[in-house]
Each structure stands twice: as structure tokens, then as C-alpha cells.
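The values are calculated or read from the model by the stated rules, or taken from the named source; none is laboratory data. In this text the structure is predicted, and so the values were computed from the model without any measurement. Neighbour counts are summed over all protein chains in view; Cβ atoms, including those assigned to glycine, are modelled from backbone coordinates with ideal geometry.
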Amino acid sequence: MGRLERPARARLRLRKDVNVVTMIDTHRPPAPPAVTDEFVLELRTRAARNPALPVRPLTGREVAIAVRYALDEDQVLPLDLSAMKRIVIDPRARTARVQPGVTTAELEHASFRWGLAPLVDRHGFVLADLIAAHVVLPDGELVAAGDQLLREIRTGHALGIVVDATYRLHLAAELRR
């Protein structure tokens, strides 16, 4: 049986009267995942050590909470973003959403399945292909990057932590020529 394709913005709803699943296009981005109590406990425990142990957040919201906590407590709190490894490939739009822990090899491997590939150079992903980003600002606010902030990220002048980036992908056959 074929798999049902649904738009990225669609949400499934079960209708009780006929026992079928229907798609509803909500036209709004999905809510970010909630911060768990375990993460808050880990954050407080690691920050209390002297020197503070690195905190390993898994979501952009957890990074924002950690930055705000460090500001409120007026202390340096090391962050280890290597566990943030989510990759979401959209083969129709030829884009990839990646978190900061994703390596170029991991994205190449994930996108190759769709016949796509990112442009990379010796420094990593080509920043000209960056089309969207979510950034935690120095005050701990999590924002979607506008045109000005994207330009600053591409030139290396942005202040903040990029916790989610969307890159344009290219056909792998075209890149191998």
C-alpha cells in the first residue's frame, strides 16, 4: 500500500463519526518542542559545578533557556551542541534543515538518498546556500533570522547561536560534473 504524502503544513485529524483520518492545512509553523524537566535539572546541576560542566541541549529552545539561565546567574556556561543532529530533507523544495551538530558528511549521506547534495568547501557548508535560520541571540531570545541577520550570518558578523539552518540543495549529478 502506498504511503500518503501530506503537505509540510498539514496536520492529521481523526474524525470519530466515520473513523477516517483527514488532512488539515493549518498555515502555521509547528510549535517548538517543550523543554523537559530533566533538561532544567541537568542545566542547574552542571552550572553549579566549578568550573561549570558543558550542557548538551537538543533543541533551539533548550539553547535559549541555557543562555538566559547563564545571563540570570551571571556566569559562564559552556554549551556542547554536538548532540543537535536533526536533519530534515525536503526533496521537492530541494532544501535541508540541519542543526549545528550535523557534519557535512552526514548531510551528504542523508541527501544522497534523494539524488541531492549540498555545496561544501573546505570550511563546511557554502553559506551562499543558506536560505533561513533560527538564532538564539545574546539575550537568550530565539528568533527566525530576517534578511539582515541572514546577511550577517553569511558574512560571519552575526552575534548569536544558529540552532537551525535551512540550506539549498543541488542535484548530485550536476555537482559531479
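Odds and ends about this structure:
- Of the criteria (1) over 14 Å from residue 163 (Cα atoms); (2) in the same structural domain as residue 153 (by TED's automatic domain parsing), which one residue 54 fails: (2)
- The residues of segment 32-69 that are modelled with pLDDT of 80 or more and of a type in the set (Val, Ile, Thr), listed by number, are 45, 55, 59, 63, 65, 67.
- If you check 76, 63, 40, 55 for being touching a residue at least 40 places away in the same chain (Cβ under 8 Å) and not hydroxyl-bearing (Ser, Thr, Tyr), only one passes: 63.
- Test result for residue 152, out of contact with any Cys (no Cβ under 8 Å at 6 or more places or on another chain), in a helix (DSSP H, G or I), closer than 19 Å to residue 85 by Cα and free of Cβ contacts under 8 Å to residues at least 40 places away in the same chain: no
- Residue within segment 100-123 that is acidic (Asp, Glu) and closer than 17 Å to residue 56 by Cβ present: no
- Hits in segment 156-177 (condition: modelled with pLDDT under 90 and out of contact with any Pro (no Cβ under 8 Å at 6 or more places or on another chain)): 156, 157, 158, 172, 173, 174, 175, 176, 177
- Segment 92-135, residues that are in a strand (DSSP E or B), in contact (Cβ under 8 Å) with a residue 40 or more places away in the chain and either more than 23 Å from residue 156 (Cβ to Cβ) or out of contact with any Phe, Trp or Tyr (no Cβ under 9 Å at 6 or more places or on another chain) (or both): 116, 117, 134
Results for (1) loosely packed, with under 12 Cβ neighbours inside 10 Å; (2) small (Gly, Ala, Ser); (3) not in a strand (DSSP E or B), shown as yes or no for each residue.
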| residue | (1), (2), (3) |
| --- | --- |
| 46 | no, no, yes |
| 52 | no, yes, yes |
| 58 | no, no, yes |
| 64 | no, yes, yes |
| 76 | yes, no, yes |
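- Of the residues making up segment 84-102, those that are among the small types (Gly, Ala, Ser) and surrounded by 13 or more Cβ atoms within 10 Å (Cβ to Cβ) are 96, 101.
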